[in-house]
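J.: Structure in structure tokens, see below.
The values are calculated or read from the model by the stated rules, or taken from the named source; none is laboratory data. Please read these numbers as outputs of a predicted model, since none were measured by experiment. Backbone-built Cβ (ideal geometry, glycine too); neighbour counts: all protein chains shown. The protein model used for the area step is the full one, side chains on, heavy atoms only, and it has no ligands, DNA or RNA in it. Shrake-Rupley method; radii C 1.70, N 1.55, O 1.52, S 1.80 Å.
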Amino acid sequence: MARRVIVAGNWKMNKTASEGRELVEKLKAEIAGLDDAEIVVCPPFTSIGAVVEAAAGSPIGVGAQNIHWAPNGAFTGEISADMLKTSGVTYVIIGHSERRQYFGETNATVNSRLKAALAAGLIPIVCVGETLAERESGRTEAVLASQIREGFAGIDAKEASRIVVAYEPVWAIGTGKTATPDMAQAAHAFIRSELRALFGDAADAMRIQYGGSMKPANARELVSQPDIDGGLIGGAALDAGTFASLIREALGR
Ligand code: 13P
């Protein structure tokens with residue numbers, strides 16, 4: 001099945017509102033003709049308003065980096081689905097490894113956030129991936145399986161087809177160490193087999209992005225693998241020219 005390539009920039013805790021606006025203005029000019037890819041930028045919450053304005057009328061979609069599961073209430077520091085939607089957000093990253101590592105995110109909280117995002121009609125980008133210690137001790141598949149089975153518990157196949165999964169091996173994030181295309185493809189094929197076990201044929205429609213030191217120089221080979229449907233990009237998404245080159249490479253241009 002042909003799946004539309006999706007390339008998303010995760011800006012993490014970078015870019016003020018004016019810096020974000022400037023990046024998107026430049027990106028709009030750089031991506032002319034590349035709209036066969038789905039292009040997303042995920043700024044920090046405080047830059048979302050400016051970035052939504054800058055992206056208006058362009059093919060660039062805007063995502064958030066987290067979402068709370070409750071509709072409102074006493075949850076200091078959290079942001080609800082409705083707050084995101086009414087700010088012009090369409091996508092939301094859930095369960096990034098930095099949130100799992102530094103902010104106590106678990107498969108159970110991923111599941112709660114995922115349900116809130118789906119109920120609101122947002123497109124979730126759910127991150128999974130093993131640490132170096134887990135890979136070296138031969139636990140990669142077991143870790144991915146539990147992240148998927150627990151993270152996606154109670155989701156039906158129709159909802160699942162909207163979910164984007166991002167495979168981000170933790171040891172490849174921000175380290176310059178990319179998984180080889182073969183290694184990444186093996187993990188993506190395993191993830192798809194887990195998705196098939198849960199959702200049947202809907203798994204064939206689900207996009208699985210690779211993330212972890214993806215650059216213009218390696219994007220083409222990674223995204224040409226049969227189960228790699230795009231990228232979730234950190235560092236290389238912080239410069240409009242570099243991000244646009246990466247998108248071009250991912251599309252094989
Ligand atoms: P880098 O591209 O900087 O390795 O970050 C990947 C990532 O964590 C995207 O979510």
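J.: Let a ≥ b ≥ c be the square roots of the eigenvalues of the Cα gyration tensor of the range 81-192; is it rounded (a/c under 1.5), or, if not, prolate (a/b larger than b/c) or oblate? Kindly include the intermediate steps, with their values, before the conclusion.
T.: Numbers: a/c = 1.88, a/b = 1.67, b/c = 1.13.
Judged from the Cα gyration tensor, the range 81-192 comes out prolate (a/c at least 1.5, a/b above b/c).
J.: Name the residue farthest towards the positive end of the dipole of the range 73-228 from the options ALA81, VAL143, GLY104, assuming +1 on Cβ of Lys and Arg, -1 on Cβ of Asp and Glu, about the Cα centre.
T.: Of ALA81, VAL143, GLY104, it is ALA81.
J.: Going by accessible area, probe 1.4 Å, with all protein chains left in place, what is the ranking of TRP11, TRP69, TRP171, largest first?
T.: On the way: TRP11 0, TRP69 105, TRP171 35 Å².
Reading off the accessible areas and sorting them downward yields TRP69, TRP171, TRP11.
J.: Measure of size requested: the Rg and Dmax of the range 20-61, with Cα atoms as the atom set and Å as the unit; please supply both.
T.: Considering the range 20-61 through its Cα atoms, Rg and Dmax are 9.8, 30 Å.
J.: In debye to the nearest 20, how big a dipole does the range 154-205 give about its Cα centre with +1 on each Lys and Arg Cβ and -1 on each Asp and Glu Cβ?
T.: 100 debye
J.: May I pose another question? Can you give me the pair-distance distribution of the range 114-253, C-alpha pairs, 5 Å bins, whole percents?
T.: 2, 11, 20, 23, 19, 15, 9, 2, 0
J.: From Cα pairs below 8 angstrom and at least 6 apart in sequence, can you work out the relative contact order of the chain, rounded to a whole percent?
T.: Values: 516 pairs, mean separation 53.0, N = 253.
Relative contact order here is 21 percent.
J.: Only Lys, Arg, Asp and Glu count, each charged at its Cβ (+1, +1, -1, -1), so figure out the dipole size of the range 91-210 about its Cα centre, rounded to 20 debye. Please list the in-between numbers first.
T.: On the way: 13 positive and 14 negative charges, 50 e Å.
Its charge dipole is roughly 240 debye.
J.: What translational diffusion coefficient, in µm²/s and rounded to a whole number, does the Stokes-Einstein relation yield for the chain at 25 °C and a viscosity of 0.890 mPa s, taking the hydrodynamic radius as the Kirkwood radius over Cα pairs? Display every interim value, and only then the final one.
T.: Numbers: Rh = 17.9 Å.
Estimated diffusion coefficient is 137 µm²/s.
J.: Among THR180, LEU132, VAL62, whose Cα projects farthest towards the positive end of the dipole of the chain, with charges put on the beta-carbon of Lys, Arg (+1) and Asp, Glu (-1)?
T.: VAL62
J.: Same structure, new question: In debye to the nearest 20, how big a dipole does the chain give about its Cα centre with +1 on each Lys and Arg Cβ and -1 on each Asp and Glu Cβ? Walk me through the numbers on the way to the answer.
T.: Details: 25 positive and 29 negative charges, 23 e Å.
In debye, rounded to 20, the chain gives about 120.
J.: Something else: So what is the relative contact order for the range 205-253, in percent, with contacts set as C-alpha pairs under 8 Å and at least six apart? Present the calculation step by step, with values, prior to reporting the outcome.
T.: On the way: 69 pairs, mean separation 22.0, N = 49.
Answer for the range 205-253 is 45 percent.
J.: How large, in percent, is the carbon and sulfur part of the accessible surface of the chain at a probe radius of 1.4 Å?
T.: Details: 5580 of 10510 Å².
About 53 percent, which is the carbon plus sulfur part of the accessible surface.
J.: Relative contact order for the range 148-253: what is it in percent, counting Cα pairs under 8 Å that are at least 6 residues apart? Working shown, then result.
T.: Values: 167 pairs, mean separation 31.3, N = 106.
About 30 percent, as a whole number.
J.: I would also like to ask the following. Per residue, what accessible area does the chain have, given a 1.4 Å probe and all protein chains present, in Å²?
T.: Details: 10510 Å² over 253 residues.
With the other protein chains kept in place, the chain gives 42 Å² per residue.
J.: Measure out, as a whole number of angstrom, how far apart the alpha-carbon centroids of the range 55-74 and the range 203-253 sit.
T.: 22 Å
J.: Quick one: what do you get for the range 175-253 if you divide its Cα Rg by 2.2 N^0.38 Å? Numbers along the way, then the final one.
T.: Values: Rg = 13.0 Å, N = 79, 2.2 N^0.38 = 11.6 Å.
Here the answer is 1.12, to two decimals.
J.: Beyond 14 Å, what share of the Cα-Cα pairs of the range 74-146 is found? Please give it as a whole percent. Could the numbers behind the result be given before it?
T.: On the way: 1721 of 2628 pairs.
So the pairs more than 14 Å apart make up 65 percent of the total in the range 74-146.
J.: Just going by the charge dipole of the chain, with Lys and Arg at +1 and Asp and Glu at -1 on Cβ, which of ALA240, ASN72, TYR91 is farthest out on the positive end?
T.: About the Cα centre, the residue reaching furthest to the positive side is ASN72.
J.: Quick check for the chain: number of Lys pairs with alpha-carbon distance under 20 Å, counting only pairs 8 or more apart or on different chains?
T.: Lysine pair count for the chain: 12.
J.: Take the Cα atoms of the range 1-117, build their convex hull, and give its volume per residue in Å³. Display every interim value, and only then the final one.
T.: Working: hull volume 14.0 nm³, N = 117.
With only Cα atoms used, the range 1-117 gives 120 Å³ per residue.
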